[in-house]
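As C-alpha coordinates, the structure follows; a few thoughts come after it.
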Amino acid sequence: MGTVHPFPVATSQVGFERGELARIVDLYGRMVAAGMWKDYAIQFSREAASFCAFRRAAEHPEYRIEKRPALRHRQGMWSLVGEDGRVLRRGHELGPILAPVERRLLKVVNE
(Lines give C-alpha, C1' and ligand atoms only; values in the text may rest on other atoms or scores of the structure.)
Protein backbone atom coordinates (compact mmCIF):
# COMPACT_ATOMS: atom_id res chain seq x y z
CA MET A 1 0.00 0.00 0.00
CA GLY A 2 0.95 3.59 -0.44
CA THR A 3 1.78 6.22 2.09
CA VAL A 4 -1.09 8.25 3.54
CA HIS A 5 -0.35 11.96 3.53
CA PRO A 6 -2.41 14.34 5.68
CA PHE A 7 -4.63 16.80 3.86
CA PRO A 8 -2.92 20.20 3.85
CA VAL A 9 -4.59 22.49 6.34
CA ALA A 10 -5.43 25.88 4.89
CA THR A 11 -4.12 28.92 6.68
CA SER A 12 -6.73 30.70 8.70
CA GLN A 13 -9.15 32.53 6.47
CA VAL A 14 -12.16 34.66 7.14
CA GLY A 15 -15.55 33.13 6.42
CA PHE A 16 -19.22 33.71 7.04
CA GLU A 17 -21.00 32.00 9.91
CA ARG A 18 -24.12 30.01 9.09
CA GLY A 19 -26.57 32.67 10.29
CA GLU A 20 -24.75 35.47 8.48
CA LEU A 21 -24.65 33.57 5.21
CA ALA A 22 -28.31 32.56 5.58
CA ARG A 23 -29.32 36.21 5.95
CA ILE A 24 -27.24 37.27 2.94
CA VAL A 25 -28.49 34.41 0.74
CA ASP A 26 -32.09 35.15 1.79
CA LEU A 27 -31.67 38.73 0.59
CA TYR A 28 -30.06 37.46 -2.62
CA GLY A 29 -33.02 35.14 -3.26
CA ARG A 30 -35.52 37.96 -2.80
CA MET A 31 -33.53 40.21 -5.14
CA VAL A 32 -33.43 37.43 -7.77
CA ALA A 33 -37.19 36.95 -7.43
CA ALA A 34 -37.65 40.71 -7.96
CA GLY A 35 -35.51 40.49 -11.13
CA MET A 36 -32.76 42.78 -9.83
CA TRP A 37 -29.88 40.32 -9.46
CA LYS A 38 -28.84 37.43 -11.66
CA ASP A 39 -25.60 36.01 -10.25
CA TYR A 40 -23.33 36.01 -7.21
CA ALA A 41 -19.79 35.18 -6.13
CA ILE A 42 -18.25 34.43 -2.76
CA GLN A 43 -14.59 35.03 -1.98
CA PHE A 44 -12.63 34.07 1.14
CA SER A 45 -9.16 35.36 2.02
CA ARG A 46 -7.06 35.91 5.13
CA GLU A 47 -8.24 39.50 5.51
CA ALA A 48 -11.87 39.38 4.40
CA ALA A 49 -14.83 37.37 3.20
CA SER A 50 -17.01 38.96 0.53
CA PHE A 51 -20.32 38.21 -1.14
CA CYS A 52 -20.72 39.91 -4.51
CA ALA A 53 -24.11 40.34 -6.20
CA PHE A 54 -24.32 40.93 -9.95
CA ARG A 55 -27.06 42.32 -12.18
CA ARG A 56 -25.59 40.35 -15.08
CA ALA A 57 -22.86 37.74 -15.18
CA ALA A 58 -20.13 39.67 -16.99
CA GLU A 59 -19.74 42.95 -15.13
CA HIS A 60 -18.65 44.46 -11.84
CA PRO A 61 -20.74 43.51 -8.82
CA GLU A 62 -23.58 45.89 -8.04
CA TYR A 63 -22.97 45.37 -4.31
CA ARG A 64 -20.26 43.69 -2.31
CA ILE A 65 -20.92 42.70 1.29
CA GLU A 66 -17.62 42.35 3.15
CA LYS A 67 -16.68 40.99 6.54
CA ARG A 68 -13.28 42.22 7.81
CA PRO A 69 -12.67 41.07 11.41
CA ALA A 70 -9.55 43.25 11.69
CA LEU A 71 -11.85 46.31 11.75
CA ARG A 72 -14.11 44.82 14.44
CA HIS A 73 -12.92 47.23 17.17
CA ARG A 74 -12.71 50.30 14.95
CA GLN A 75 -15.37 51.08 12.35
CA GLY A 76 -17.06 47.71 12.40
CA MET A 77 -16.26 44.54 10.53
CA TRP A 78 -19.19 44.73 8.08
CA SER A 79 -19.27 46.95 5.02
CA LEU A 80 -21.45 47.45 1.98
CA VAL A 81 -19.42 48.45 -1.08
CA GLY A 82 -21.06 49.90 -4.20
CA GLU A 83 -20.35 49.17 -7.84
CA ASP A 84 -17.83 51.98 -8.07
CA GLY A 85 -15.84 50.73 -5.05
CA ARG A 86 -17.09 53.30 -2.53
CA VAL A 87 -18.00 52.08 0.93
CA LEU A 88 -21.69 52.89 1.23
CA ARG A 89 -22.24 51.63 4.77
CA ARG A 90 -20.00 50.31 7.55
CA GLY A 91 -20.94 48.93 10.94
CA HIS A 92 -20.70 46.34 13.68
CA GLU A 93 -23.86 44.39 12.76
CA LEU A 94 -25.07 42.88 9.49
CA GLY A 95 -28.70 44.07 9.64
CA PRO A 96 -28.09 47.82 9.25
CA ILE A 97 -25.57 47.11 6.49
CA LEU A 98 -28.18 45.24 4.42
CA ALA A 99 -30.94 47.82 5.07
CA PRO A 100 -30.27 50.03 1.99
CA VAL A 101 -30.45 46.99 -0.29
CA GLU A 102 -33.59 45.63 1.40
CA ARG A 103 -35.21 49.04 1.06
CA ARG A 104 -35.06 48.63 -2.73
CA LEU A 105 -37.51 45.72 -2.41
CA LEU A 106 -40.22 47.83 -0.79
CA LYS A 107 -43.00 48.92 -3.12
CA VAL A 108 -45.76 51.45 -2.51
CA VAL A 109 -49.21 49.91 -2.81
CA ASN A 110 -52.12 52.15 -3.78
CA GLU A 111 -55.45 51.55 -2.11
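Figures for the structure shown
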item	result
All positions within the range 65-85 that are of a type outside the set (Val, Ile, Thr) and modelled with pLDDT of 90 or more	Glu66, Lys67, Trp78, Ser79, Leu80
Number of the exception - Leu80 against (1) surrounded by fewer than 18 Cβ atoms within 10 Å (Cβ to Cβ); (2) not in a helix (DSSP H, G or I)	(1)
Residue, nearest to Gly82 (Cα to Cα), within the range 11-69, restricted to residues that are more than 12 Å from the chain's Cα centre (by Cα) and basic (Lys, Arg)	Arg55
Filter result (surrounded by 10 or more Cβ atoms within 10 Å (Cβ to Cβ) and among the basic types (Lys, Arg)) within the range 83-111	Arg89, Arg90, Arg104
Check on Arg64, surrounded by fewer than 18 Cβ atoms within 10 Å (Cβ to Cβ) and either in a loop (DSSP other than H, G, I, E, B) or of a type in the set (Lys, Arg) (or both)	no
Single match in Glu93, Glu111, Glu62 (criterion: of a type outside the set (S, T, N, Q) and modelled with pLDDT of 90 or more)	Glu93
Filter result (closer than 21 Å to Arg90 by Cβ and either touching a helix residue (DSSP H, G or I) at 6+ places or on another chain (Cβ under 7 Å) or not aromatic (Phe, Trp, Tyr) (or both)) within the range 17-30	Glu17, Gly19, Glu20, Leu21, Arg23, Ile24, Leu27
Where Trp37 falls short, out of the listed (1) closer than 21 Å to Arg104 by Cα; (2) in contact with a Lys or Arg (Cβ under 7 Å, 6 or more places away or on another chain); (3) modelled with pLDDT of 90 or more	(3)
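The values are calculated or read from the model by the stated rules, or taken from the named source; none is laboratory data. Just so you know, these numbers come straight off a predicted model, no measurement behind them. A quick note on method: Cβ atoms are made from the backbone with ideal geometry, for glycine too, and the neighbour counts reach across all protein chains shown.
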